[in-house]
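Structure record follows, encoded as structure tokens.
The values are calculated or read from the model by the stated rules, or taken from the named source; none is laboratory data. As the structure is a prediction and not an experimental result, all values here were calculated from the model. Because the Cβ atoms are built from the backbone with ideal geometry, glycine has one as well, and the counts that use them run over all protein chains shown.
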Amino acid sequence: MQLLQAYLDTKRHRLFDSKLKVFDASIWLHAFSRSTIAIFIPILMLQLGYSIRAVIGYYFLYYLLDIPLTFFAGWLTRRIGARAVLIIGSFFSVAFFAVLYNLSANDFVLLGLLALFAALYDSLYWVSHLYLFMVFSKNDKNISRDASILAIMRHVAGILAPAFGAIILIFFNQKLLILISTSILIVSILPLFVVRSLKDKPPAVKLKRIKFFNQRHVSRDYISNGLFSVHRAAENVIWPI
């Protein structure tokens with residue numbers, strides 16, 4: 001409750017920035033739509049008849065594709081802008097839900113396509129989303145606070161959405177849950193078309209990656225965050241199973 005109150009108090013001081021409000025609304029709806037079903041995906045695959053090995057293989061392929069696509073997302077953001085990449089990533093998420101809706105037992109072609117769309121969505125959406133956040137957060141003195149607010153928004157959606165998804169699964173079925181999640185996701189895309197006239201193309205990279213990672217504090221932070229990401233990925237897959 002204290003985190004939510006901090007978020008609400010800070011939002012009152014940022015009401016003047018309409019573009020930031022639109023971006024916040026889009027992110028919250030997007031996080032809610034994904035969170036309604038994300039934790040249940042391994043369970044749904046098992047119910048369809050896939051083995052645990054096949055489910056683990058799907059996630060392995062997804063993360064294997066996600067790594068190089070992240071570099072592609074950075075390149076594409078510099079070429080066409082973060083907002084456009086964010087919208088494209090969102091549509092790949094819609095495509096992901098469409099494949100999930102039609103997924104049947106032992107259809108490994110669709111399972112591979114599902115992993116590809118998941119990786120395209122994850123890399124395109126979140127890379128561009130981080131840059132757009134920096135564009136909207138104009139007050140550099142409060143960048144840490146703004147980042148915390150964005151994290152709180154995702155966590156609040158992450159708490160409420162699975163409960164909502166569980167209710168749909170208990171009283172109805174997974175098809176309806178996928179349709180509802182997709183509908184909310186499409187609604188989350190609409191505010192992004194309102195936000196225009198942005199300088200959302202990152203400047204050319206001036207610091208080479210080798211020199212960047214040779215900085216001790218940078219390497220330490222990336223290694224720490226990388227290990228945590230491995231833990232989180234394993235937890236998100238293994239725990240539901």
Looking at this structure, is residue 144 of a type in the set (S, T, N, Q) and at pLDDT 75 or above? no
Condition met for residue 131 (assigned to a helix (DSSP H, G or I), closer than 23 Å to residue 47 by Cβ and of a type outside the set (A, V, I, L, M, F, W, C)): no
Note on residue 151: of the conditions (1) modelled with pLDDT under 85; (2) under 14 Å from the mean Cα position of the chain (by Cα); (3) buried (at least 19 other Cβ atoms within 10 Å of the Cβ), unmet is (3)
Just a yes or no: is a residue in the range 100-117 closer than 28 Å to residue 199 by Cα and in the same structural domain as residue 194 (by TED's automatic domain parsing)? yes
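Conditions tested, residue by residue: (1) within 28 Å of residue 163 (Cβ to Cβ); (2) of a type in the set (Val, Ile, Thr); (3) touching a Cys at 6+ places or on another chain (Cβ under 6 Å); (4) not in a helix (DSSP H, G or I).
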site	(1), (2), (3), (4)
45	yes, no, no, no
58	yes, no, no, no
79	no, no, no, no
95	yes, no, no, no
109	no, yes, no, no
115	yes, no, no, no
119	yes, no, no, no
126	yes, no, no, no
Looking for whichever is hydrophobic (A, V, I, L, M, F, W, C), buried (at least 22 other Cβ atoms within 10 Å of the Cβ) and in contact (Cβ under 8 Å) with a residue 24 or more places away in the chain here; the options are 116, 103, 86. Which one fits? 86
Condition first: exposed (fewer than 15 other Cβ atoms within 10 Å of the Cβ) and either farther than 23 Å from residue 133 by Cα or modelled with pLDDT under 90 (or both). Now tell me which residues in the range 57-69 satisfy that. 60, 64, 67
Condition first: among the basic types (Lys, Arg), at pLDDT 50 or above and more than 20 Å from residue 102 (Cα to Cα). Now tell me which residues in the range 2-45 satisfy that. 19, 21
